[in-house]
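Student: Before anything else, here's the structure in question.
The values are calculated or read from the model by the stated rules, or taken from the named source; none is laboratory data. It should be emphasised that the depicted structure is a prediction, and the values quoted were computed from it without experimental measurement. Cβ sites come from the backbone with ideal geometry, for glycine too, and all protein chains shown count toward neighbours.
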Amino acid sequence: METTHRVFVGDSRDLSAVDDESVELVVTSPPYPMIEMWDDLFTELDPAVGDALANGDGRAAFDAMHAQLERVWDELERVLVDGGIACINVGDATRSIDGSFRVYQNHARVLEAFEERGFEPLPDVLWRKPANSAAKFMGSGMIPPNAYVTLEHEYILVFRKGAESRAFEPKADRRYEAAYFWEERNQWFTDVWTDVTGELQSIETTDDELRERSAAYPLEIPYRLLCMYSAYGDTVLDPFWGTGTTTLAAMCAGRNSVGSELEDAFLEVFDDGVDEIPALSRSVGRARLERHREFVERRREDGEGFEYEADYYETPVVTGMERGIRLREVRDIERIVDGYRIEHAPLALE
Ligand SMILES: C[S@@+](CC[C@H](N)C(=O)[O-])C[C@H]1O[C@@H](n2cnc3c(N)ncnc32)[C@H](O)[C@@H]1O
């Protein structure tokens, strides 16, 4: 099986390099409006943002920043197929402007923008990194009523383009082989994720300073979303590509990808690390099988049995739908114009 991964240096407010209705899934994380690290970027996209901030008008700055994101949401509406899914990872922002503290609810604005474009909202996910530090409350004091809670969660807003889900030919292999295990379903389809540990390492040569500057999300986030909302052969788009975590996840998960990013330095860093991807893809697949074996053991210890056997692995599974699961690994990567072509093979077990 082959996949292609295209990346463009460019402004996603104009995604003309991506054809109409050519993408089945969007997984992305935009720059978050009103988080200071993105002020300069938004001001470059629209100088009115800088003017509003300089005038101490937080509300106008917030509006102007979202107006720029909305131009990208317009493009998503154009390139997604009917029934395609968009997963938008976004966090809210707290900020004092002109001495007045408030929360800017990015998730609510993004939700509204997608609804206005005719997308159907689906149940969303809240996620937070497991981190418990008393120090995070420093400065809020112990006396009521003027302290505020610390924002530590982010949203993955999920939308479907149009009223109807995608249709597949009956028993399509590319769908059944992309099945996930029963226990993965139970973990992934809960609405609060506190188990995103960042354990799935990204490619090692990734430049840490650049990753920080890009506010990269852990590989686990796009990897899960790809497994949940796409089948083999599908294409995922990330219009805020950053360090390319979505493309990396697509390569590991055996899907096609396309991305667009303003800063070309990110593409170079990704390219420096591509040699690591075959080993990474293998470890991601093997870790899933290992976790499944541990689940099987636990379930047997609890005295529960299994009715089905997987077709491609020597392991029982809980439901008939899981039998066809077939994980892939990256066998070979070839650089092509604007990206990479990948040869996948069934996951090698040894
Ligand atoms: C939050 S980061 C995405 C990080 C990414 N998910 C990762 O894991 O590395 C947002 C990225 O969007 C890029 N960006 C912002 N506005 C853009 C636009 N209009 N077109 C293309 N890229 C844009 C920024 O340069 C930044 O790298």
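Student: Among the numbered criteria (1) touching a residue at least 40 places away in the same chain (Cβ under 8 Å); (2) farther than 21 Å from Glu220 by Cβ; (3) within 27 Å of the chain's Cα centre (by Cα), which single criterion is violated by Val337?
Tutor: (1)
Student: If Asp207 meets every condition in (1) within 16 Å of the ligand (Cβ to nearest atom); (2) modelled with pLDDT of 95 or more; (3) not small (Gly, Ala, Ser) apart from one, which number is that one?
Tutor: Every listed condition holds for Asp207 apart from (2).
Student: Mind checking which residues of region 269-283 are within 12 Å of the ligand (Cβ to nearest atom) and not aromatic (Phe, Trp, Tyr)? Don't jump to the end; show me each part of the working.
Tutor: Of region 269-283, the ones within 12 Å of the ligand (Cβ to nearest atom) are 269-270.
Once the filter is applied, which keeps residues that are within 12 Å of the ligand (Cβ to nearest atom) and not aromatic (Phe, Trp, Tyr), region 269-283 yields only Val269.
Student: Next up: Residue by residue through region 293-309, note down the ones that are within 28 Å of the chain's Cα centre (by Cα) and either surrounded by fewer than 16 Cβ atoms within 10 Å (Cβ to Cβ) or among the small types (Gly, Ala, Ser) (or both). Can you show your working first?
Tutor: Just the residues of region 293-309 that are within 28 Å of the chain's Cα centre (by Cα), to begin with: 293-295.
If the condition is that a residue be within 28 Å of the chain's Cα centre (by Cα) and either surrounded by fewer than 16 Cβ atoms within 10 Å (Cβ to Cβ) or among the small types (Gly, Ala, Ser) (or both), then Arg293, Glu294 are the ones that fit.
Student: Another question, then. How many residues does region 13-28 contain that are within 11 Å of the ligand (Cβ to nearest atom), part of a loop (DSSP other than H, G, I, E, B) and surrounded by 20 or more Cβ atoms within 10 Å (Cβ to Cβ)? Walk me through it before giving the result.
Tutor: Our first condition is that a residue be within 11 Å of the ligand (Cβ to nearest atom); within region 13-28, this holds for 13-15, 27-28.
Next, from what is left, pick out any that are part of a loop (DSSP other than H, G, I, E, B): 13-15.
After this cut, where a residue has to be surrounded by 20 or more Cβ atoms within 10 Å (Cβ to Cβ) as well, the list is 15.
Total satisfying the criteria: 1.
Quick grid of which residues meet (1) within 10 Å of the ligand (Cβ to nearest atom); (2) of a type in the set (Gly, Ala, Ser); (3) free of Cβ contacts under 8 Å to residues at least 60 places away in the same chain:
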position: Ile221; (1), (2), (3): yes, no, no
position: Pro239; (1), (2), (3): yes, no, no
position: Ala250; (1), (2), (3): no, yes, no
position: Arg255; (1), (2), (3): no, no, no
position: Leu267; (1), (2), (3): no, no, no
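Student: Report yes if some residue within region 316-333 is part of a loop (DSSP other than H, G, I, E, B), within 16 Å of the ligand (Cβ to nearest atom) and over 19 Å from Leu349 (Cα atoms); otherwise report no. So that I can check it myself, show each step before the final result.
Tutor: Looking only at region 316-333, we keep the residues that are part of a loop (DSSP other than H, G, I, E, B), and these are 318-319, 323-327.
Checking which are within 16 Å of the ligand (Cβ to nearest atom) leaves us with none.
The answer is no, given that none of the residues of region 316-333 is part of a loop (DSSP other than H, G, I, E, B), within 16 Å of the ligand (Cβ to nearest atom) and over 19 Å from Leu349 (Cα atoms).
Student: Right, another one. Anything in region 256-306 that is in contact with a helix residue (DSSP H, G or I) (Cβ under 7 Å, 6 or more places away or on another chain), of a type in the set (A, V, I, L, M) and over 16 Å from Val330 (Cβ atoms)? List them, or say none.
Tutor: Within region 256-306, Ala265, Val269 meet the criteria.
Student: Something else now. Output the number of the condition that Thr4 fails; it satisfies all remaining conditions of (1) away from the ligand (no atom under 14 Å from the Cβ); (2) farther than 18 Å from Leu237 by Cα.
Tutor: Of everything listed in (1) away from the ligand (no atom under 14 Å from the Cβ); (2) farther than 18 Å from Leu237 by Cα, Thr4 misses just condition (2).
Student: Identify all residues within region 247-272 that are closer than 17 Å to Glu343 by Cα and not in a helix (DSSP H, G or I); write none if there are none.
Tutor: Gly254, Arg255, Asn256, Ser257, Val258
Student: Only residues that are in contact with a Gly (Cβ under 8 Å, 6 or more places away or on another chain) and either more than 24 Å from Ala167 (Cα to Cα) or buried (at least 24 other Cβ atoms within 10 Å of the Cβ) (or both): list them for region 220-255, please. Spell out the reasoning first.
Tutor: Pass one, region 220-255, residues in contact with a Gly (Cβ under 8 Å, 6 or more places away or on another chain): 220, 232, 237-239, 241, 244, 246-247, 252, 255.
If the condition is that a residue be in contact with a Gly (Cβ under 8 Å, 6 or more places away or on another chain) and either more than 24 Å from Ala167 (Cα to Cα) or buried (at least 24 other Cβ atoms within 10 Å of the Cβ) (or both), then Glu220, Leu237, Asp238, Pro239, Trp241, Gly244, Thr246, Thr247, Cys252, Arg255 are the ones that fit.
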